[in-house]
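The values are calculated or read from the model by the stated rules, or taken from the named source; none is laboratory data. This is a predicted model, so every value here is computed, not measured. Heads up, the Cβs are rebuilt from the backbone with ideal geometry, glycines too, and the neighbour counts pull from every protein chain shown. In case anyone asks, the SASA skips ligands and DNA or RNA and just uses the protein heavy atoms, side chains included. Shrake-Rupley method; radii C 1.70, N 1.55, O 1.52, S 1.80 Å.
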Amino acid sequence: MSKTLFIKTWGCQMNVYDSARMADVLAPLGYRPVDRPDDADMVILNTCHIREKASEKVFSELGRLRALKARKAAGGGRMVLAVAGCVGQAEGAEIMARAPYVDLVFGPQTFHRLPELVTRADGHPGGVLDIEFPAESKFDFLPEEQTGQGLSAFLAVQEGCDKFCTFCVVPYTRGAEFSRPAGPILAEARRLIHSGAREITLLGQNVNAWHGEAPAGGGRHWGLGRLVRAVAELDGLLRLRYTTSHPGDMDDDLMSAHGEVPGLMPFVHLPVQSGSDGILVAMNRRHTVDDYRRRVDRLRHFRADLALSSDFIVGFPGESDADFAATLGLVEQVGYAQAYSFKYSPRPGTPAAELDRQVPETVRDERLTALQALLNRQQLAFNRAAVGSVMPVLFDRPGRRPGQMLGRSPFMQAVHVAGDDALSGRLAEVRILAGHPNSLSGCLVGRDGAPVVPEDAPRAPEVIA
Ligand code: SAH
Ligand code: SF4
Ligand code: F3S
């Protein structure tokens, strides 16, 4: 019998990937994804624990779902309500206590057990909790993907983290670092391409720490640079990306791939968190500001037009005005195409939450505003610098206005042009005409560099002198 499944996803791209895989696990049980929770037979909240605000959202969402569940029960039906992901892992017992109407709580490493958990929840009015870190790897139990992810697909190659940055919950919620062997990764990449993917993003909490068994086995291991070269060779794939990298794991083989593998996009997300060595030590980042700058220079040595993105935390305990100024200085030096910045959020169970010298909220706010102003200026400058150039754009969806199509530049910029659905899934050359804060606009150009005007595009108004 067909049943409906609604999954709501917060957090990082790994959670987006996990949600797709949860749907795969539940498909053989007859669950089919729907895009509203209202009358769903099962609702999964795939949650994020990274900052306080992210976690709070779960309880407010649960409050709303409780009413939907009650309504369904009143009509004689049943809604299975589940909390998955990193909040599930970190706060499983609290969730069961605070929200006893939740049927199931599990973490990122046990969702391959969903069929069994759903059956157990049937006979357990008190709810079922599974936040074990099992000895088995879920990747050995997940079924093949049931539905493609479309043109641009995620592929998890590495998971978990052994770095223990003092602010971060990930090592506790995702568990120890784990790399999948290259064979199954290449097989999954081929299946994704077969179901329509033209761009693949290799995912990991520390993706460049990936070191997996080579496809031929024999005890040989590859690093991410080798894997990137192998995936890029697969027939039908146009673009390859990887995220998120740790500066300490950026080796020469991976960096040189940016100069040698045409399909590997010239855009790297390389979080640095702070531009102060003192703060980097307190964060246990295990690299200096100079190490980071050298990695950036080396990447640009292999690929001169490589663009960078990063993550920053402002207001880490003990961060002085001088420390913060050093972060602004580093941003000025590197020049980012795009970046994420966050106010430090003390997380239960992490060492930094216990530190003295927490920075007052007002100071954190001011620093965030100043850093974001600088990053926004850099992003706009980067977008404007593209004006006049011609770049390949991979089109994947209609734009906001009718007669518009939206795609991505090699540097992940959103690019819109006049065009119709025939562009969807195609890589086309675009001349950039304008750079905006969060996007570019341009026009399609033919092989000869002349604009291509789609037949049904609105004509430009004639200029009346
Ligand atoms: N594995 C990645 C990042 C994972 S978390 C890395 O090593 O960089 C994504 C981002 O969230 C981090 O880069 C950091 O900038 C931010 N973040 C993590 N914990 C945080 C906290 N306690 N407060 C504020 N931001 C945090
Ligand atoms: Fe968190 Fe640090 Fe691991 Fe990144 S490297 S996931 S910030 S502990
Ligand atoms: Fe959030 Fe977990 Fe990802 S805490 S950022 S969903 S690894």
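A few points about this structure:
For (1) under 30 Å from His269 (Cβ atoms); (2) among the hydrophobic types (A, V, I, L, M, F, W, C), each residue gets a yes or a no:
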position	(1), (2)
Thr9	yes, no
Pro37	no, no
Ile44	yes, yes
Thr47	yes, no
Ala97	no, yes
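- In the range 280-314, of all residues being free of Cβ contacts under 8 Å to residues at least 24 places away in the same chain and within 16 Å of ligand 2 (Cβ to nearest atom), the one that is farthest from Pro171 (Cα to Cα) corresponds to Thr288.
Each row is one residue, and each column tells you yes or no for (1) surrounded by 21 or more Cβ atoms within 10 Å (Cβ to Cβ); (2) outside the structural domain of Leu203 (by TED's automatic domain parsing); (3) without any contact (Cβ under 8 Å) to a residue 40 or more places away in the chain.
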{"position": "Lys8", "(1), (2), (3)": "no, yes, no"}
{"position": "Met14", "(1), (2), (3)": "yes, yes, no"}
{"position": "Asp24", "(1), (2), (3)": "no, yes, no"}
{"position": "Arg32", "(1), (2), (3)": "no, yes, yes"}
{"position": "Arg36", "(1), (2), (3)": "no, yes, yes"}
{"position": "Ile44", "(1), (2), (3)": "yes, yes, no"}
{"position": "Thr47", "(1), (2), (3)": "yes, yes, no"}
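- When the range 149-204 is filtered for residues that are touching a residue at least 60 places away in the same chain (Cβ under 8 Å), away from ligand 2 (no atom under 16 Å from the Cβ), among the polar types (S, T, N, Q) and out of contact with any strand residue (DSSP E or B) (no Cβ under 7 Å at 6 or more places or on another chain), only Gln149 remains.
- Candidates Glu233, Glu213: the one that is closer than 30 Å to Asp396 by Cβ, acidic (Asp, Glu) and either more than 16 Å from ligand 1 (Cβ to nearest atom) or open to solvent by 60 Å² or more (accessible area, probe 1.4 Å) (or both) is Glu233.
- Residue in the range 255-273 that is nearest to ligand 2 (Cβ to nearest atom), counting only those that are of a type outside the set (A, V, I, L, M, F, W, C) and open to solvent by less than 10 Å² (accessible area, probe 1.4 Å): Pro271
- Cβ pairs under 7 Å, 6+ apart, first in the range 382-402 and at negative phi, second assigned to a helix (DSSP H, G or I) and among the hydrophobic types (A, V, I, L, M, F, W, C): Phe395/Leu423
- Scope the range 10-43; condition within 14 Å of Gln89 (Cβ to Cβ) and either β-branched (Val, Ile, Thr) or part of a strand (DSSP E or B) (or both); matching residues: none
- With respect to being part of a helix (DSSP H, G or I), touching a residue at least 40 places away in the same chain (Cβ under 8 Å) and within 16 Å of ligand 1 (Cβ to nearest atom), Thr369 falls outside the description.
- Qualifying residue in the range 343-353 (condition: exposed (fewer than 14 other Cβ atoms within 10 Å of the Cβ) and in contact (Cβ under 8 Å) with a residue 60 or more places away in the chain): yes
Residue by residue, here is whether (1) in the same structural domain as Thr201 (by TED's automatic domain parsing); (2) closer than 15 Å to Ala23 by Cβ; (3) open to solvent by 70 Å² or more (accessible area, probe 1.4 Å) holds:
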residue	(1), (2), (3)
Thr119	no, no, yes
Glu144	yes, yes, yes
Ala153	yes, yes, no
Val157	yes, no, no
Phe167	yes, no, no
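- The requirement of being loosely packed, with under 14 Cβ neighbours inside 10 Å and among the acidic types (Asp, Glu) is not satisfied by Glu61.
- Subset of the range 300-324 (residues that are more than 16 Å from ligand 1 (Cβ to nearest atom) and outside any loop (DSSP other than H, G, I, E, B)): Arg300, His301, Phe302, Ala307, Asp321, Ala322
- Residue check, Asp251 open to solvent by 10 Å² or more (accessible area, probe 1.4 Å), closer than 26 Å to Leu280 by Cα and of a type in the set (Asp, Glu): yes
- Residue count for the range 274-288 under the criterion of being in contact with a helix residue (DSSP H, G or I) (Cβ under 6 Å, 6 or more places away or on another chain) and either surrounded by 22 or more Cβ atoms within 10 Å (Cβ to Cβ) or not in a helix (DSSP H, G or I) (or both): the result is 7.
- In the range 261-282, the residues that are within 20 Å of Phe164 (Cβ to Cβ) and under 22 Å from the mean Cα position of the chain (by Cα): Leu270, Pro271, Val272, Gln273, Ser274
- Residue that is within 16 Å of ligand 3 (Cβ to nearest atom), hydrophobic (A, V, I, L, M, F, W, C) and over 23 Å from Phe106 (Cβ atoms), where the choices are Phe164, Phe178, Phe133, Phe154: Phe164
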